[in-house]
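Read through the structure below, which is laid out as C-alpha cells, and then see the notes.
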Amino acid sequence: MFPLLLKKPFRTIIDGTYIIGFLSPMDSSFYKADSTIYDLFSKRSYRNEEEVFAQLAEHSTGSINYALQLVNKHSALFLAKSSNQIQLTQHYTVSVLTLNMTYACNFACEYCFEGESTRSYSSMNESTAELAIVWFLNQLGDKGGKIIFTGGEPLLNFKVIKKVVHLTKCNNISYLIKTNGSLITDKVLEYLVTNDIELSLSLDGNKYVNDKHRKQKNGVGSYDEIYKVLETVRTIYPAYINRIYVNAVVTNETINYIAKSDEFLTSLSLSGYSIKPVMHQDLNLDKIGIEEYVSKYYWPALMKQSNGTNVKICGIGHKQVCVDWDGTIYPCYRLCGQKEYIIGSIYDENSYLQKNPQLEKIYQRESSNQCENCYAKTVCVSGCYADKLNYENCYEDPSVFIFDGIIKYDLLHDNKYKLLPLLS
C-alpha cells in the first residue's frame with residue numbers, strides 16, 4: 001500500500017457531518033465519512049504507516065486501521081494516478097500570437113483592469129508589427145497559427161491590423177479581434193467578413209445590464225451601438241454571426257440579473273458566449289446571491305463544458321505569447337507592463353523566449369500528481385493563468401473558491417447532504 005498517494009477530494013463539514021467528494025468530467029460521487037477518513041485526506045502522500053499514525057494522532061488506533069482498510073477497499077476511488085511532469089523547455093513553437101495594438105480606448109468601462117495610465121496613448125506602429133510577424137512566422141515554420149488583436153480598443157489601430165493581415169494572409173493564419181464593437185462601421189464589417197476574422201465582442205447582457213458599467217467616454221451606455229452592429233450582421237452577413245463570440249462580465253451590481261443575461265445572450269444565437277466574474281473584484285458568494293449565480297448560469301455552463309476528459313490549458317508563455325506595442329514579449333496580454341514577466345523582445349537577436357520562474361511553477365504544479373488528481377482540476381486548470389500570477393502568485397485559480405461554494409450550495413439544497421451514502 002505504501003508509499004500512499006491520495007487524490008485530493010472535495011471536503012466540507014455541514015452541521016457536524018463530514019463529507020468528501022470525488023469529481024471528474026464523466027462522473028461524481030459524494031459520501032458521508034467519519035472524521036478519521038476525512039482527516040486522512042488533509043495530506044496527499046504518506047511514505048509509511050508511521051506517517052499516517054502521526055498525522056492522525058488525535059484519532060484512535062482502531063479508527064486509523066479502519067481508515068486504511070477503506071483506502072485498500074476503495075483504492076480505485078481514493079488513490080491518485082501518477083503523471084509525468086511537463087517541463088517548459090527553452091525552445092518551443094508559439095502557435096498563437098497576441099498583438100497589443102494600443103492602450104487607447106474610446107470607452108470608459110468602470111471595471112476595466114487597465115484603468116487610466118500613461119500607457120493610454122501608446123500604440124503599435126507598422127515597423128514593430130512587421131518585426132513581430134517576422135519573428136512569429138520564422139519560429140512557426142510551416143505550421144498553422146493564429147493572431148489575436150487586442151488593446152485597449154484594437155480597432156483604433158485598424159490601419160496596422162490591415163497591414164498584419166496583408167503580410168500573413170498566405171501563411172495559414174487565422175485571426176481574431178477582441179473589441180468593444182463600437183468602431184465596426186459598414187466598411188470595417190465588410191473587411192472583417194471578407195478576411196474571415198473572428199470577433200470576440202464585449203457585451204454584458206441586455207441594455208440595463210450592459211449599460212450599468214460599459215459606457216462611452218461621454219458617460220452614455222454602449223448597448224444600442226453594439227446591438228446595431230449585430231443587427232447589421234444578421235441582415236447583410238447572416239453567416240458571419242457564427243464568427244462572433246461574446247464575453248460578458250458579471251459584477252456585484254449585476255449578478256441578480258444573470259438569468260436574464262444568460263437568456264438574452266442565448267437568444268443572440270452567436271458562436272458562443274461566456275459570463276465571468278469581473279477581474280480584481282472579489283465576488284463574495286453570500287453578497288452576490290449564490291443561488292442566482294449557481295443555479296442559473298455557472299453550474300449549467302460548467303456541465304456543458306465537462307462532457308469530455310481533455311482539459312484545455314491556455315498555454316501562455318509557451319504555446320501563446322503577447323507582443324506589446326513596443327515589441328516587448330510577455331506570456332499574456334494581461335501581464336503587459338509588468339517587467340517581472342518579460343520573456344523576450346522582437347528586437348533581441350536571440351529568438352528564444354526566456355523561462356518565467358513563476359509561470360513555470362504553475363505549469364509544473366498543474367501537470368504534477370498534486371493537480372492531476374484534484375477534484376477541481378477541470379475548473380482550476382481551465383481558469384486564467386494570468387489571474388494565478390496576479391493574485392500574489394496564488395497557484396489555485398480564484399474560480400476554485402467559487403466552485404467550492406457551488407458544490408456546498410448544491411449539497412445544502414433540499415438537505416441533499418443528509419441523503420448521501422456512508423463511506424464504508
Check: If you average over every viewing direction, what projected area does the convex hull of the Cα atoms of segment 123-274 give, in nm²?
Finding: 9.9 nm²
Check: Once amide H atoms are placed 1.01 Å from N in the peptide plane, what residues at a sequence separation of 5 or more from Ser174, or on another chain, have their amide H within under 5 Å of its amide H?
Finding: Gly145, Lys146, Ile147
Margin query: If I model a spin label as a point 7 Å beyond the Cα along the Cα-Cβ vector, how far apart are those points for Leu268 and Gln338 in nm?
Written below: 2.8 nm
Next item on the list: Starting from the Cα of Ala54, step 7 Å along the direction of its Cβ; do the same at Gln69; then give the gap between the two resulting points in nm.
Entry: 2.6 nm
Next item on the list: Please report the relative contact order for segment 1-58, taking Cα pairs under 8 Å with a sequence separation of at least 6, and give it as a percent rounded to a whole number.
Entry: 37 percent
Check: Can you pull the accessible area of Lys32 for me, 1.4 Å probe, Å² to the nearest 10?
Finding: 50 Å²
Next item on the list: Any chance you could get the radius of gyration and Dmax over the Cα atoms of segment 132-215, in Å?
Entry: 14.8, 48
Next item on the list: Heads up, I need the accessible area for Met1: 1.4 angstrom probe, whole protein in place, Å², nearest 10.
Entry: 110 Å²
Note to self: Against the 2.2 N^0.38 Å scaling, with N counting residues, where does segment 193-270 land? I'd like the Cα-based Rg ratio to two decimal places.
What the structure shows: 1.13
Notebook entry, point to check: For segment 167-217, what are the per-bin percents of Cα-Cα distances with bins 10 Å wide, up to the bin holding the maximum?
Noted result: 21, 41, 27, 9, 1
Next item on the list: Compute the FRET efficiency between Glu360 and Lys276 as 1/(1 + (r/R0)^6), taking r as their Cβ-Cβ distance and R0 = 22 Å, and round to the nearest 0.05.
Entry: 0.30
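The values are calculated or read from the model by the stated rules, or taken from the named source; none is laboratory data. Just so you know, these numbers come straight off a predicted model, no measurement behind them. With ideal geometry, Cβ positions are generated from the backbone for all residues, glycine too; neighbour counts draw on all protein chains shown. Please note that ligands, DNA and RNA were not included when accessible areas were found on the heavy atoms of the full protein model with its side chains. Shrake-Rupley method; radii C 1.70, N 1.55, O 1.52, S 1.80 Å.
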